[in-house]
Every structure is written in structure tokens, then in C-alpha cells.
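Undergrad: My questions will all concern the structure given below.
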Amino acid sequence: MTGITVTAFRWVPDFARGLVRDLRVRWALEEAGIPYRQRLIGLDDQASEAYRRRQPFGQVPVYEEGMLTLFESGAIVLHIAERCEALLPADAAACARVRAWMFAALNTLEPPIQNLAEIDLFHAGEAWAAERRPQVEEAVKLRLSQLACWLHDREYLEGHFTAADLLMTSVLNILRHTDLVARVPALDAYRRNCEARPAYRKALADQLASFADQPG
Ligand SMILES: N[C@@H](CCC(=O)N[C@@H](CS)C(=O)NCC(=O)O)C(=O)O
């Protein structure tokens, strides 16, 4: 695999730094030991027709490799993991289990977690948000406790660190403005363990280093 480009934002506000979803892709590439270039874009690029041809929703990340252009962080991480046995086991049944957990991270955990983050980060102080928040927090806590039950005697979701742990940790991190993960010892330990990986530290440092001081 050669000549990979990952598109990311040139600037985001402080609360989003370390959360933007190109981090998942950078992390997977670091785990797989695959070099890449970054392309940084701003609001104007996002809205352009040319960019919409690469990412139909105008979002980041985009992954480009030769003739292949991919969007959706989960699909991109899966594509990288398919080339890296450390991230996705070769055994068919083990691989299917890891894929199931990748979907669980993005499809079962991320929606309520993202709802809560949007209330807290974009709508704090609004009457409707104050009214809705307790229910959304309960929905998040339920999923966190169920995940903690699964993890209580496990270091990772399936045997060893895989692409599923990468996505799950990235999703849990969306709650970093709360103490909801820290309050659950099994989840706190799991998140810290995954984030201690050199590949994560490098990916995070590279994302943070890419941001300009000013929007534009
Ligand atoms: N499901 C998409 C979500 C991508 C996404 O929400 N990207 C954010 C940054 S983390 C974005 O580009 N937001 C700007 C927008 O939606 O216009 C994925 O996982 O790639």
C-alpha cells in the first residue's frame, strides 16, 4: 500500500481537538506501520463540489490510495485493518467477531454518546437540552455498563488489541468532557490501556500538530 493521503481539518475549536475522526484513521495507519500524507482542508473546501465527490457529506476524514477514495472512518479503519493481521485476525470466525465489535462501537455506542456530546457541546444552556439531557445520559450509562460487563475480566474486546478496540476507544473518548467513563473502573482502565499505545500517542500528536491557531 503506497501513496496514502488522509484529509483532515486545518482548524477546529479546542473542544474538538483530539476527537476529529481522522484520528481513527491516523491511529490505524500507525498501528499498521503504513506511512501517509495529510491534506488539510477548511470550510470552503468542505462545501465545494470537488470535495463532495470525494466525501458526499462534506465531512472528514477522506482516505485516498491510488484510484481508491474512501469515506466513513469505520470503513477506512476496516480497509486498513484488512491489510494488518494485528488489527484484524486472519481466522474467519475471529475476524467476524472483531467486525461485530467494530459495528457495535459505531452503531450501538456512538449514537447515544454523540447525542450527549452534541447536547453538552453545542446546546448547553438551551431549555430543550436541559430537559432532554437526563434521558440521553441514562441511555449512555446503560451502554457503558453493558460494555463494562463484557470487559470486566478482559483486557480487550476480543483476545488482543484489534481495530475494534481502536474504534471503541475513539468512541468512548467523545465523552471526555464528562466523568461517565472515569466512573466505571473497567472502562477507565480499558481506555487508558488502549490510549497508552505508541501508535495512538503518535496519531494524536500528529493530529494536534496539524491544527492552525486561527480558523480560515
Ligand atoms: N460517520 C462519519 C462521521 C464523520 C464526521 O462527523 N466528521 C466530522 C468531524 S469528526 C465532520 O466532518 N464534521 C463536519 C460536518 O459534518 O460538516 C465518519 O465516521 O467518518
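Read-outs: derived from the displayed coordinates by stated rules, not from any lab. If you're wondering where the values come from, they're calculated on a predicted model, not measured in any experiment. Quick reminder, even Gly has a Cβ in these numbers, built from the backbone with ideal geometry, and neighbours come from all protein chains shown.
Undergrad: So for the range 40-133, averaging the separation of alpha carbon pairs under 8 Å that are six or more residues apart and normalising by length, what relative contact order in percent results?
TA: Normalised by residue count, the contact order of the range 40-133 is 11 percent.
Undergrad: In terms of the Cα gyration tensor, with a ≥ b ≥ c the square roots of its eigenvalues, is the range 11-109 rounded because a/c is under 1.5, prolate because a/b exceeds b/c, or oblate?
TA: Prolate is the answer for the range 11-109, as a/c is 1.5 or above and a/b outweighs b/c.
Undergrad: Hey, another quick one. Peptides 68-78, 204-214: what's the order by average Cβ count within 10 Å, highest mean first?
TA: 68-78, 204-214
Undergrad: Given an 8 Å cut-off on Cα distances and at least 6 residues of separation, report the relative contact order of the chain as a percent.
TA: Averaging sequence separation for qualifying contacts and normalising by length gives 29 percent for the chain.
Undergrad: Can you tell me which of PRO35, PRO13, PRO198 moves the most in a GNM of the chain? Springs connect C-alpha atoms under 10 Å apart.
TA: PRO13
Undergrad: Could you work out how far the C-alpha centroid of the range 54-119 sits from that of the range 183-210, in angstrom?
TA: Each part's Cα centre sits 17 Å from the other's.
Undergrad: Counting Lys +1, Arg +1, Asp -1, Glu -1, what net charge surrounds LEU151 among other residues with beta carbon under 12 Å of its beta carbon?
TA: Computed value for this residue: -3.
Undergrad: Would you please put 14-21, 163-170 in order of how densely packed they are, using the mean number of other Cβ atoms within 10 angstrom per residue and starting with the highest?
TA: Ranked by mean Cβ neighbours within 10 Å, highest first: 163-170, 14-21.
Undergrad: Let me make sure I get this right: for the range 85-216, a, b and c are the square roots of the gyration tensor eigenvalues over alpha carbons, sorted descending. Under 1.5 in a/c it's rounded, otherwise prolate if a/b > b/c, else oblate. Which is it?
TA: Oblate shape, in that a/c is at least 1.5 and b/c is the bigger or equal ratio.
Undergrad: Counting each DSSP H run of 4 or more residues in the chain as -39500 (n - 2.57), what helix-only mean residue ellipticity at 222 nm follows after dividing by all residues, to the nearest 500 deg cm²/dmol?
TA: So the helix-based figure for the chain works out to -16500 deg cm²/dmol.
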